[in-house]
Each structure stands twice: as C-alpha cells, then as structure tokens.
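**Student:** Okay, handing you the structure first.
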Amino acid sequence: MAKTNYNQIALRAKPPSPWLNNSANGIDYWLHVPTRECGISLRGLARLCGVAHRAIQSAIHNAQKSIQKVGSEVANLRESELNKLLKGKTFFLEEVANLSPTQQGGPNKVILLEICMIFIRYYAMKGKIEAVKTLFLFSDFGAEQFIFIQVGFIPRPESIMLDDIEYLIAKETVQVNKSRQEEVQFFTNPLTGECGIELQGLGYICGGVALKHVKTFLDTQPEPYLQANHSELIVKASVCTLVLEHFGYYHKPHKTLAQQWAKTLNPMVPNLHQKTNYQSPAVTDRETKLESRLQELEQENIRLKQLLKEEEAKGKKKRHRMMGRVLQWKIPPSCYEVRLEEDTSHISQLLDGLILKRKPQQPLPANIELPDGLTLDAEINL
C-alpha cells in the first residue's frame, strides 16, 4: 500500500491588530494604538454634524482640489470659509498610520480627529443642532479621551527608574527604511513635566541618520542638550524639534521621515506628554476644582427646587396673582396701564409692588376712586 504524505500546515498566531474600533449609535470610532491617532468614519462624522455625508465628501474633495490646472494656466477655485479651514490638512487616518483600517475585509476611510473637529465647530457655528450637541458632548471629556472611551482603550503608563525618579516612558517601533525597524523611547519626568527623546532613537526618526552626525549638530547648540541628573541620554524636547527640522529641511539629503516626525510631534512637549500619558498637576487640580464646583451647583439646585416646592405649598403665588387681578379690575383701564410682576420679569418671582402708569392725554373721571396710598395727580405710582 502506497504511503500517503501529508503536508504539514504551519499554524502561526495572528499578529495583534494595531487598530481599535467600536460602533455606537451608528457612528464608527477608530484608534491607531501605536501612534494614538484617532478618527471617525465619514458617515459617522456627518451624523455628528447633522449634515448629509456627501457634504463632508464634497468639502474634502474641494479642499484637496483647490488648485486645478487648465491647459497651461492655473485657475484658483473660489475658496469658501470651510475650504480655507481645511486647506493643506491631512484628512485620513491611513495617511498618518501608513496603514488603512479594515473592517469586514475592506478598507475604511477614517477622518482624522483634527479634521473632524474643524467640521463639527464649523457646522455648530452655522447653527446645526447636532453639531452643537457634539461639541458639548466632547467638552465633558475632551474629544480624544471621548474616542478612547468609545473604543475601550485605557492607556497604561510605563515607567523606568532613573536616579530615584520613576520616569514615564513610551516605546514605539519605527520603520526607519524599507528593510529596517527600530525602537524609539520617549521620556517624561512626572515631577517636573520635562520630556525628551532618547538620543539613539532621535537618530532613527530622523531617517536613520548616523549617531555621529546627530551629535555633531547637537554640539553646535549653545545650551546643554541632554537632560541632567541621570545617566540616560535623553535629548531635551526643545532641541529635538531643532534636530528634526535640521535633518528634514536643511541638511542634505533631506530626510522625509524627519519631516513627517517634525509634523507629527509639533508641538513637541504636549505630544510627548500625550505619548507618555503624563498629566500635569495644573490639569489634575483644575479637574478637581471643576468636580467640586459641580457638586456645589448640584446642591444649590436641590435647595432651590425644595424652596420652590415649599412656596407652591404655601399658596403665596395664588395670593399675589389674585391681588394683581383685583387691582386691575378696580382701576379704570382707560386711565392707567397696570403692570403685574409676572408681566415685567422672565423669572417667576413674588413681589409686593405694582406699577401704575397714567396714560397720556387722558383726563381723570371726577368720581374715580383709587386704592389707599395711590395719588391721582402722579404719573407713576408704585
């Protein structure tokens, strides 16, 4: 009997997806975990803005094609207010992550959060109720944090001990060139907020520039470029910006990767804080004060509701309204204009006063009788 040979199938674990996404109320939220870049689907954004999705599509298309060549001439399209806001922007998440988010086997066009906020603010200013509601919703958490919550992403800060200080650290794998990947480390001192990039990794995001060339440029700086008080070679954030701009735009050959990172990390300090999950004491203190103030307002609201309930029960409103109606009936309407408290205020309140104003050029009847305290010859009585 002939022996049957079976091909062995190598079972390999599927690599974890760099994407997190979730659909809530018909809106798809996306997060690219390695870069923390997030966005919203086209139709979802249209729903949050209260407009048709074709309006979003058209605005992006017009911004991308704001200058068209006609023969040998260049015709500038008339720029709308929205077009000016979108001009020169990066629109889709795939352009930043260099990878298209996929769902059910197909690629998805996910609009970057920065662009989403431009649309939402624009349509809110135009009076779109849904856009206004979205702005209020995002203001409670911050737009980015709101999307983190929607996709279930909980950033857990890593840390490393450097001379008795537990520094916050973030590690990211960077595609230096077509055949080379390297790890870059970002650091933040949680006590001072001082942040920076590890020296070797800075060379990687400059497009694989040799370390000696990076050091040569750094040595030209008038101030110390490394963080002090520990042995780790961490380049200060302000100097990192100069390094990326130098190798991206001034030193030849210009490094495209350095240009991309200069744009991604601009402004440098807030972006490094975000990568390392640093929360400044000022932000924490502000949130604590806001929570305390919110509790105070809630207690005051409860007190006022209880007070209103007691006033209704005592019947004071009914008595005041009845007194006003009696005066209106007693005073001749042809001679005086009567203003009750409920006619003079937008807020319900209880007043013990009434305003009477004589109508001009109206003689008073000889037999007119006014309630005690009111004077016949006065133009206004209180």
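The values are calculated or read from the model by the stated rules, or taken from the named source; none is laboratory data. Just so you know, these numbers come straight off a predicted model, no measurement behind them. Please note: Cβ atoms are built from the backbone with ideal geometry, for glycine as well, and neighbour counts cover all protein chains shown.
**Student:** If you take just the strands (runs of 3 or more DSSP E) that sit entirely in the range 157-246, which of them hold at least 3 residues that are surrounded by 13 or more Cβ atoms within 10 Å (Cβ to Cβ) and under 27 Å from the mean Cα position of the chain (by Cα)?
**Tutor:** 165-177, 180-188, 195-198
**Student:** Taking the range 108-137 as the search range and keeping residues that are buried (at least 17 other Cβ atoms within 10 Å of the Cβ) and in contact with a strand residue (DSSP E or B) (Cβ under 7 Å, 6 or more places away or on another chain), which one is farthest from Leu93 (Cα to Cα)?
**Tutor:** Cys116
**Student:** Let me ask another. Collect the residues in the range 270-329 that are part of a loop (DSSP other than H, G, I, E, B) and modelled with pLDDT under 70, keeping them in residue-number order.
**Tutor:** Result: Ser280, Gly315.
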